[in-house]
Amino acid sequence: MLPKGFLVAVGGAEDKGTDLEKGIIERNRLNFFELGILSNIINLIDKSQEPIVEVVTTASSIHDEVFDNYKSAFEKLGVKNIGHFRIRNREDSANPEYLERLKKANCIMFSGGNQLRLSSIFGGTEFLQILKEKYMNEPLVIGGTSAGAMAMSNTMIYEGTASLAHLKGEVRMTTGIGLIQNVIIDTHFDKRGRFNRLAQAVAANPGTIGIGLGENTGVIVKDGFNLTTIGLGSVIVIDGKNIDYNNIADIEFGAPISVENLIVHIMSAGDVYNIRERNYAGKDLKVDIED
């Protein structure tokens, strides 16, 4: 069964329309209202009724400030019903009010911060169970930026300094919230130089697809496996299916890794990648909600 919902994984630092407040410049308007990440998210929502957007700030340590920023951005895009899931611990995730609001929501937006907060707070909860059921059975849109994107996958990077990521053991992984399988997502990819980090993660898990998201850039995931690039930067896809020589199992911790035959794709806005078939599928896959 294919999910009826959409995932939107974002590399962080997405445009929230703040440049508009400094003076309306045509390019800023175009980037935010037509090309912007948050605009793409809102355009996916079923508009048969007034959309309900809920922002989850669990990954952040400054919940209210982060929510206010998203509230302002979504209001600029015409959304009137914007709620805040101020979930700080597992007890908060069981709040009956939040669970009822989750059942009615059309869009859930996970903020950035620390992805371990997401996996450790939501793992095994009724909140996550409801979220997954809605994603499978309804046209729910789930967005996540930075930590919120990294936690979407079943295998999740939670630590790894870019300058040491070529050394075995310097990239640490655990289980994410499992909205999408067989991928590992990394964010702030270009700005923080995280190619080696994602390459090591794929070398240790060659059955997965590594997805490196640049800032203000993301992918829309339709049917659980079709990725369409959105935003102003690049998405890097790393595929380990053809790896031949790989020393990661044999070397000591702290030694440099060697990996032969990684497949790398560089994608820009409109490019499509099929996770299931593991191939670059061209341009402009439609991501509307009518089919």
Given (1) farther than 28 Å from residue 106 by Cα; (2) assigned to a strand (DSSP E or B); (3) within 19 Å of the chain's Cα centre (by Cα), number of the condition residue 221 does not satisfy = (1)
Go through the range 39-76 residue by residue and tally those that are in contact with a His (Cβ under 7 Å, 6 or more places away or on another chain) and either among the hydroxyl-bearing types (Ser, Thr, Tyr) or not in a helix (DSSP H, G or I) (or both).
-> 2
Log entry, pairs with first residue in the range 143-166 being modelled with pLDDT under 95, second being assigned to a helix (DSSP H, G or I), beta carbons closer than 8 Å, six or more apart or on different chains, reads none
Has the range 192-203 got at least one residue that is surrounded by 24 or more Cβ atoms within 10 Å (Cβ to Cβ), under 12 Å from the mean Cα position of the chain (by Cα) and either in contact (Cβ under 8 Å) with a residue 60 or more places away in the chain or within 26 Å of residue 120 (Cα to Cα) (or both)?
-> no
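Residues in the range 77-86: is at least one among the aromatic types (Phe, Trp, Tyr), in contact with an Asp or Glu (Cβ under 6 Å, 6 or more places away or on another chain), closer than 21 Å to residue 126 by Cβ and crowded, with 19+ Cβ neighbours inside 10 Å?
Pass one, the range 77-86, residues among the aromatic types (Phe, Trp, Tyr): 85.
From the residues that got through so far, the ones that are in contact with an Asp or Glu (Cβ under 6 Å, 6 or more places away or on another chain) too are 85.
Remaining after also requiring closer than 21 Å to residue 126 by Cβ: 85.
Okay, now just the ones that are also crowded, with 19+ Cβ neighbours inside 10 Å, so 85.
Yes, the range 77-86 contains a residue that is among the aromatic types (Phe, Trp, Tyr), in contact with an Asp or Glu (Cβ under 6 Å, 6 or more places away or on another chain), closer than 21 Å to residue 126 by Cβ and crowded, with 19+ Cβ neighbours inside 10 Å.
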For residue 8, work out the one condition from (1) surrounded by fewer than 19 Cβ atoms within 10 Å (Cβ to Cβ); (2) of a type outside the set (Asp, Glu); (3) assigned to a strand (DSSP E or B) it doesn't fulfil.
-> (1)
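Got at least one residue in the range 213-222 being among the basic types (Lys, Arg), modelled with pLDDT under 95 and either surrounded by fewer than 18 Cβ atoms within 10 Å (Cβ to Cβ) or closer than 30 Å to residue 140 by Cα (or both)?
Of the range 213-222, the ones among the basic types (Lys, Arg) are 222.
Keeping just the survivors that are modelled with pLDDT under 95 gives none.
For the range 213-222, residues among the basic types (Lys, Arg), modelled with pLDDT under 95 and either surrounded by fewer than 18 Cβ atoms within 10 Å (Cβ to Cβ) or closer than 30 Å to residue 140 by Cα (or both): absent.
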What pairs can you find where one residue is in the range 56-72 and in contact (Cβ under 8 Å) with a residue 60 or more places away in the chain, the other is among the charged types (D, E, K, R) and in a helix (DSSP H, G or I), and their Cβ atoms are less than 8 Å apart, with a gap of 6+ or different chains?
-> 58/117; 59/117
Is one or more of the residues making up the range 15-22 small (Gly, Ala, Ser), modelled with pLDDT under 95, out of contact with any Ser or Thr (no Cβ under 7 Å at 6 or more places or on another chain) and exposed (fewer than 11 other Cβ atoms within 10 Å of the Cβ)?
-> no
Residue 167 fails exactly one of the following numbered conditions: (1) over 16 Å from residue 9 (Cβ atoms); (2) surrounded by 23 or more Cβ atoms within 10 Å (Cβ to Cβ). What is the number of that condition?
-> (2)
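The values are calculated or read from the model by the stated rules, or taken from the named source; none is laboratory data. None of these values were measured; they are calculated from a predicted model. Neighbour counts are summed over all protein chains in view; Cβ atoms, including those assigned to glycine, are modelled from backbone coordinates with ideal geometry.
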